[in-house]
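Structure first, then comments.
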Amino acid sequence: MKKLFFDLDHTLWDYETNAGATLLDMYRAFELDRFFSDEAHFTQIFKQQNDQLWHRYNMGEIDKFDIRNHRFSYIMNAVKNTDLILAQKLSNQFIIECPRKKVLMPNAHKVLDRLSKEFELGIITNGFDDTQNIKLKYSEIDHYFKWVVTSESSGHRKPAKEIFDFTLDYCGGIQGDMVIIGDNLQTDILGADHAGWRSVWYNPQKESKAPSQWQVHDLIELPALFL
């Protein structure tokens with residue numbers, strides 16, 4: 001039986017929407033209009049700095065501590081604010097509030113409900129154990145997944161072949177039956193290719209890059225690939 005593993009952030013859990021709502025709440029609660037021209041400016045700086053940090057984490061250049069504790073220092077430094085106490089308060093608030101947001105990518109619930117009746121499902125993510133489990137619980141999709149593999153639990157990060165090998169052993173699968181569905185060409189698709197897995201690129205923006213593997217623009221298209 002095929003085992004379908006999903007990436008979580010940006011594939012099932014709508015990171016952009018959930019993070020945006022959290023940042024808006026924080027902008028108002030901490031009166032960040034003192035430092036940023038408007039809410040959009042704050043969100044833009046967050047995205048720039050956050051994307052850079054996660055890229056460095058995925059490449060093994062920094063660890064969990066750097067993202068959790070230094071993220072808002074970089075963001076505030078971008079507007080010439082060096083208040084480390086404020087930066088730490090912002091970091092703590094984001095870690096508490098963001099994972100509890102519930103917005104999923106379009107049709108996620110419907111597709112998981114359909115696929116879970118025919119296949120064993122899992123999660124494979126570079127996110128951290130505690131936050132990813134909170135996301136799954138609060139968005140009410142945790143019951144769909146038999147396995148949740150994180151970079152922490154496996155000791156490796158996508159696109160490393162080792163995290164895919166760990167997952168294969170963990171779920172007792174056969175390489176030819178392993179499939180990952182993810183939005184990131186580098187970590188999900190290239191990683192799967194190197195590990196000998198099949199992959200489906202979730203490409204809602206309809207980007208022009210087209211690898212040889214399957215791709216879908218809407219999760220609702222997934223069942224047709226397997227059923």
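The values are calculated or read from the model by the stated rules, or taken from the named source; none is laboratory data. None of these values were measured; they are calculated from a predicted model. Backbone-built Cβ (ideal geometry, glycine too); neighbour counts: all protein chains shown.
A compact table of results
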{"quantity": "Qualifying residues in the range 126-144 (those that are part of a loop (DSSP other than H, G, I, E, B) and more than 21 Å from PRO106 (Cβ to Cβ)) - the one modelled with the highest pLDDT", "calculated": "ASN126"}
{"quantity": "Positions within the range 1-31 being in contact with a strand residue (DSSP E or B) (Cβ under 8 Å, 6 or more places away or on another chain), surrounded by fewer than 20 Cβ atoms within 10 Å (Cβ to Cβ) and among the aliphatic types (A, V, I, L, M), in sequence order", "calculated": "MET1"}
{"quantity": "Qualifying residue in the range 150-163 (condition: in a loop (DSSP other than H, G, I, E, B), within 19 Å of the chain's Cα centre (by Cα) and surrounded by fewer than 18 Cβ atoms within 10 Å (Cβ to Cβ))", "calculated": "yes"}
{"quantity": "Test: residue in the range 93-103 that is aromatic (Phe, Trp, Tyr) and not assigned by TED's automatic domain parsing to the domain that holds ASP9", "calculated": "yes"}
{"quantity": "Residue match in the range 4-16 (condition: in a helix (DSSP H, G or I) and either more than 14 Å from GLY127 (Cβ to Cβ) or of a type in the set (Gly, Ala, Ser) (or both))", "calculated": "yes"}
{"quantity": "Among residues of the range 98-122, those that are under 15 Å from ASP14 (Cβ atoms) and either assigned to a strand (DSSP E or B) or of a type outside the set (Lys, Arg) (or both), counted", "calculated": "11"}
{"quantity": "Exclusive hit being in contact with a strand residue (DSSP E or B) (Cβ under 8 Å, 6 or more places away or on another chain) and assigned by TED's automatic domain parsing to the domain that holds HIS10, set LEU190, LEU168", "calculated": "LEU168"}
{"quantity": "In the range 72-90, the residues that are without any contact (Cβ under 8 Å) to a residue 24 or more places away in the chain and not in a loop (DSSP other than H, G, I, E, B)", "calculated": "PHE72, SER73, ASN77, LEU84, ILE85, ALA87, GLN88"}
{"quantity": "Test for THR43: is it touching a residue at least 24 places away in the same chain (Cβ under 8 Å) and of a type in the set (S, T, N, Q)", "calculated": "no"}
{"quantity": "Some residue of the range 86-99 being charged (D, E, K, R) and buried (at least 16 other Cβ atoms within 10 Å of the Cβ)", "calculated": "yes"}
{"quantity": "Residues being surrounded by 14 or more Cβ atoms within 10 Å (Cβ to Cβ) and part of a helix (DSSP H, G or I) - total across the range 32-43", "calculated": "5"}
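So that you can scan it fast, the table gives a plain yes or no per residue for (1) surrounded by 13 or more Cβ atoms within 10 Å (Cβ to Cβ); (2) in contact (Cβ under 8 Å) with a residue 60 or more places away in the chain:
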| site | (1), (2) |
| --- | --- |
| ASP188 | yes, yes |
| HIS194 | no, no |
| SER199 | yes, no |
| GLU207 | no, no |
| ASP218 | yes, yes |
| GLU221 | yes, no |
| LEU225 | yes, no |
